[in-house]
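Notes follow once the structure below has been shown.
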Amino acid sequence: MQTKSKGMSKKKEMTKQDASRIQSHADKTGEDLDFKARAQKAADKKE
């Protein structure tokens with residue numbers, strides 16, 4: 001049995017702007033600090 005995942009349903013490549021936005025939010029909230037590096041890595045991979 002397959003279940004639908006919550007959140008984004010379409011796969012979208014990470015842009016530098018996306019990574020910057022995620023990092024800024026993580027810095028402000030103190031949450032998902034390890035995700036900052038993963039977001040940057042994904043954005044770098046795109047280039």
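The values are calculated or read from the model by the stated rules, or taken from the named source; none is laboratory data. Everything numeric here is computed off the predicted structure, so don't read it as measured data. Every residue, glycine among them, receives a Cβ derived from its backbone with ideal geometry; neighbour counts consider all protein chains shown.
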**OP:** Working only within region 1-21, note down all residues that are hydroxyl-bearing (S, T, Y) and either surrounded by 10 or more Cβ atoms within 10 Å (Cβ to Cβ) or at pLDDT 85 or above (or both).
**Re:** T15, S20
Original post:
Within the set of pairs 6 or more residues apart or between chains, which connect a residue that is over 18 Å from K11 (Cβ atoms) and assigned to a helix (DSSP H, G or I) inside region 21-44 to a residue that is modelled with pLDDT under 85 and of a type outside the set (F, W, Y) with Cβ atoms less than 6 Å apart?
Top reply: Q23/K36; A26/D32; A26/L33; A26/K36
